[in-house]
Amino acid sequence: MNLHQSLSTDHASAHQELGPLGSTLWRMRLTTAITVLVVLLAVACSSGNTSATSSKPAIGPGPPQTEINCPDCLLVGVNRVIDGDTIDTSIGRVRFYGVDTPERAEVCFSEATTATERLAGSHVRLEDGPRLTDSFDRRLAYVYDATGNSIDVQLVVGGYARAWTQDGQHRDVLIGLEQSARESRAGCLWVAASDDDFQEFDPAGPDRDCSDFITQTEAQKFYEAAGRPGEDPHRLDGDEDGMACESLP
């Protein structure tokens, strides 16, 4: 005998034994029992079919994480921003390892300085590179904002800085980002740049070194425009073999 037959038989017996009032009570009890049974069956079925949920973390407030980041690097206070690539901190003056920004009186100097003030805020994080100090005895470090996002990266991507091309563990990433910034005419450095990148520098203008160029081809064009082998006012050809900045890619 199945459940339906059993309930029907019990219903009939109750109607005969209890009369109309008993029959009404029985109907109420039967309705309640069926409702409870349906609920239990629904719960049992749903427990075996849990819908999939994304394991991807939600995107929180604030800027996206930069390609280079260091949320656990040494945190120091910022006392003053000197220019786009130099800041005074609670542990002394720090020169950004990965970038060069325009010098005073050069195009984009003010914009780069303002960008660094905005990005640095009141605290930055520092990561050592292969050299700890520069020729002026300033501490060299890759600089990150308080959350760990690279300020070097943001300056290059924003078109406020050139990548340092000589050394450093993040050199290749920064060089690639600069190339993309140039191609997209990003920021005050590249918005008006010509297709011949070397022409942004006046061969008869301020002294340039290899860190001002992103590729050897670019440096070579400038070197040839500024002079020629045996006539190298910017000293780009250290071994005097006619090839400028041979350490560049």
Residue check: is residue 104 open to solvent by less than 70 Å² (accessible area, probe 1.4 Å) and of a type in the set (Lys, Arg)?
-> no
Note on the stretch 75-109: residues touching a residue at least 60 places away in the same chain (Cβ under 8 Å), part of a strand (DSSP E or B) and of a type in the set (Val, Ile, Thr) are 99
Take the stretch 128-144 and flag every residue that is surrounded by fewer than 21 Cβ atoms within 10 Å (Cβ to Cβ) and either assigned to a strand (DSSP E or B) or of a type in the set (A, V, I, L, M, F, W, C) (or both).
-> 132, 133, 136, 139, 140
Of the numbered conditions (1) of a type in the set (Gly, Ala, Ser); (2) surrounded by 20 or more Cβ atoms within 10 Å (Cβ to Cβ); (3) without any contact (Cβ under 8 Å) to a residue 24 or more places away in the chain, residue 112 fails exactly one; give the number of that condition.
-> (3)
Of the conditions (1) open to solvent by 10 Å² or more (accessible area, probe 1.4 Å); (2) in a loop (DSSP other than H, G, I, E, B); (3) not acidic (Asp, Glu), the single one that residue 173 does not satisfy is (2)
Considering each of 128, 137 in turn, give the residue that is under 14 Å from residue 69 (Cα atoms), charged (D, E, K, R) and without any contact (Cβ under 8 Å) to a residue 60 or more places away in the chain.
-> 128
Subset of the stretch 145-154, residues of a type in the set (A, V, I, L, M) and surrounded by fewer than 23 Cβ atoms within 10 Å (Cβ to Cβ), comes to 146
Taking the stretch 155-169 as the region of interest, how many residues are farther than 15 Å from residue 210 by Cα and open to solvent by 30 Å² or more (accessible area, probe 1.4 Å)?
-> 3
Could you tell me whether the stretch 115-131 includes any residue that is closer than 18 Å to residue 91 by Cα and of a type in the set (Lys, Arg)?
-> yes
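The values are calculated or read from the model by the stated rules, or taken from the named source; none is laboratory data. These figures come from a predicted structure and were not determined experimentally. Ideal geometry is used to build each Cβ from the backbone, glycine not excepted, and the neighbour counts take in all protein chains shown. In case anyone asks, the SASA skips ligands and DNA or RNA and just uses the protein heavy atoms, side chains included. Shrake-Rupley method; radii C 1.70, N 1.55, O 1.52, S 1.80 Å.
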